[in-house]
Structure formats: structure tokens, C-alpha cells
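Step one of this worksheet: look at the structure below.
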Amino acid sequence: MTIKVGDKVPSVKLWQVTPEGVKDITTDDLFRGKRVALFAVPGAYTRTCSQRHLPSYVTNAAALKGKGIDTVACIAVNDAFVMDAWGKEHGAGEIMMLGDGSADFTRAIGLDLDRISAGMGIRSQRYSMIVDNGVVTALNVEQPGEYAVSSAEAMLEKL
């Protein structure tokens, strides 16, 4: 079942590269007491993700924070090392880059996408959401192959 507005985010472990090395972070810790703008991409280094999606949040991270967002986070079904390298390459210093390498979070919220026939395995659908203290308050899921409603600009318009 797909997560929806009003649902609590499931408790799952994600991974990130920190100055101390790779660390896990639970979604409970990530969302507790904060308003988080989370966006998901089908994969780091893929065309739309690299040319449009991540750059829209890099450009607009400060504006999102100015509208009451505590944390801007990007997630993909990639490992933490790939997410870290991709974030550095795009100057995403203000964005928390999270790896969901086994798709545990992506499956738990019902937004997984079977891209096996394209050689990509199981991936995430492209989406954005606002999570306020662990509860989804906005959810913008793209149709496969599209990019519009999950952009930082679309999110800013709704805040």
C-alpha cells in the first residue's frame, strides 16, 4: 500500500556518509521534531535526476528553509557512497544525501518501481513529500518518465 497524506512514516534505517564515515540514521531520528522536505529520485547520476531534480533542490534549499523546512533530504535506491559522491559533484552541501541501497524505505512506503527490464533493478518512483514530525503532510508523486510536481519549485509554490 502506498503511503498517503496523514500517514506516519515507517521506521526504517537509511545510510549517509558523515565526516566519521558511513552512518545509519533511522527515519524516526530523521523526522522527529522536524519539518523535512524529502525528495526521491530513481537513481543518482541518471539523466533527469542529475540535470533537473537534484539541481532544483540545490538552487532552492535556502528558500525552502526560509519557508519553515528544517531539513532538505534526497533519497535514492543507491548506496551511501554513491549518494555522497553525487551530492558533492552537484554542490549539494545543504542537502542530506541518503542511501536506501536495499530499497527498504522505498518498499515500506509503497513507492518502489520495477526497472529490472531496463537493467536498473528495483528503484524509487520520483516524488517529493513534506514530513512534519514523522507524519506526511504533502506528497507529490510523478507519473513514470515525468518531472514536474516533485520539483523544488513546485514544493515552494505549495508552502
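The values are calculated or read from the model by the stated rules, or taken from the named source; none is laboratory data. Please read these numbers as outputs of a predicted model, since none were measured by experiment. Positions of Cβ are generated from backbone atoms using ideal geometry, with glycine treated the same way; all protein chains shown enter the neighbour counts.
Apart from one condition, Gly68 fits all of (1) modelled with pLDDT under 95; (2) at positive phi; the exception is (1). Of all residues in the stretch 3-16, at least one satisfies being under 14 Å from Val135 (Cα atoms), outside any helix (DSSP H, G or I) and among the basic types (Lys, Arg).
Applying a threshold of 6 Å to beta carbon distances and a minimum spacing of six or more residues, or different chains, the list of pairs starting in the stretch 18-41 at a residue that is farther than 17 Å from Ala154 by Cβ and ending at one that is of a type in the set (Gly, Ala, Ser) and crowded, with 18+ Cβ neighbours inside 10 Å reads Val22/Ala80; Phe31/Gly134. Picking from residues in the stretch 85-100 that are in contact with a Ser or Thr (Cβ under 9 Å, 6 or more places away or on another chain) and part of a helix (DSSP H, G or I), the one that is nearest to Val36 (Cα to Cα) is Trp86.
Annotation note: Cβ proximity below 9 Å between a residue of the stretch 86-105 that is touching a residue at least 12 places away in the same chain (Cβ under 8 Å) and a residue that is of a type in the set (Ser, Thr, Tyr) and not in a strand (DSSP E or B) (sequence gap 6+ or interchain) occurs for Trp86/Tyr45; Trp86/Ser50; His90/Ser50; Ala92/Tyr57; Glu94/Tyr57; Ile95/Tyr57; Asp100/Thr106; Phe105/Thr27. Do you know which residues across the stretch 71-87 are farther than 13 Å from Lys23 by Cβ and in contact with a Leu (Cβ under 7 Å, 6 or more places away or on another chain)? Scanning the stretch 71-87 gives Val72, Ala73, Cys74, Ile75. Check Ser117 against each of (1) of a type outside the set (Asp, Glu); (2) modelled with pLDDT under 95; (3) assigned to a helix (DSSP H, G or I); (4) under 13 Å from Pro42 (Cα atoms) and name the one condition it does not meet. Exception for Ser117: condition (4). Looking at Gly87, Gly43, just one residue is modelled with pLDDT under 95 and either surrounded by 21 or more Cβ atoms within 10 Å (Cβ to Cβ) or touching a helix residue (DSSP H, G or I) at 6+ places or on another chain (Cβ under 9 Å) (or both), and that residue is Gly43.
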